[in-house]
Structures are given as structure tokens and as C-alpha cells.
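The values are calculated or read from the model by the stated rules, or taken from the named source; none is laboratory data. Everything numeric here is computed off the predicted structure, so don't read it as measured data. Neighbour counts run over all protein chains shown; Cβ positions are idealised from the backbone, glycine included.
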């Protein structure tokens, strides 16, 4: 958590920019991100928290049993890339010596297909 005191003028500027970004017909997400970046600078830190989403019991054993049965286990997630890798390492799905093939940030079917072709050549 953090805060920043705003003057009336600063508030008016932010309020106007936020309204313009929210009502934009094109590049709305980019415009909102720019406003949030503007708002979230020069903040005074009040504190920080962290949450650990613990794995369920026997996840490591279950993944190993699937592997032993010849079943290929893939990671498909909406989490951030770093989170997916961290969880995969902690549950034993990934090993530090593994060759991990990552298919991330594709914006179209053709980009996805091209990266799959490149990964297949490895």
C-alpha cells in the first residue's frame, strides 16, 4: 500500500485523463495503463503484503505418478509466466536441468504455429 497527496489541480488532471482513457474507442487499455503509471509514481510506501497460494497435498506425487504412467503433463495457465514457472518447480513438474519449451505471448494463430515449428526444431 502506498499513497500520494494530490493538489486540486493534480486531481483534476488525473480525473480528466482517466475519463478520457476509460471512454477511448481505440487503445483503451494502453491509455489506461499510461494514466495508472502517471498516478502510481512518487508514492509513499505504507506497507506491503504477500500471499502464498499453497499447493494441495500430494501434488508432487500425483505428477510423478502421471509421468510414470507415460502421461505427458503440460502447463496451461492464465497466471504470469514467472508464477507458472515457480509453481511448476515447487511441485516437481519442472526440474532445473529440464529443457523447458515455452510458448508465451503469441498474439495470433500464425505466431503460435511459427513458434511451435521453431520449438520442434530444438
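Any idea how many residues of the range 78-101 are in contact with a helix residue (DSSP H, G or I) (Cβ under 9 Å, 6 or more places away or on another chain) and over 24 Å from residue 52 (Cα atoms)? Going through the range 78-101 one residue at a time, the tally reaches 2. Any chance the range 20-39 includes a residue that's at pLDDT below 90 and either within 17 Å of the chain's Cα centre (by Cα) or surrounded by 13 or more Cβ atoms within 10 Å (Cβ to Cβ) (or both)? Within the range 20-39, none of the residues are at pLDDT below 90 and either within 17 Å of the chain's Cα centre (by Cα) or surrounded by 13 or more Cβ atoms within 10 Å (Cβ to Cβ) (or both).
Residues in the range 54-77: is at least one under 30 Å from residue 4 (Cα atoms), in contact with a helix residue (DSSP H, G or I) (Cβ under 9 Å, 6 or more places away or on another chain) and either at pLDDT 85 or above or surrounded by 12 or more Cβ atoms within 10 Å (Cβ to Cβ) (or both)? No. Of the helices (runs of 4 or more DSSP H) lying entirely inside the range 1-86, the ones with 1 or more residues being closer than 30 Å to residue 103 by Cα and assigned by TED's automatic domain parsing to the domain that holds residue 99 are found at 59-68.
Going by the structure shown, is residue 87 modelled with pLDDT under 90 and surrounded by 10 or more Cβ atoms within 10 Å (Cβ to Cβ)?
So residue 87 fits the description; yes.
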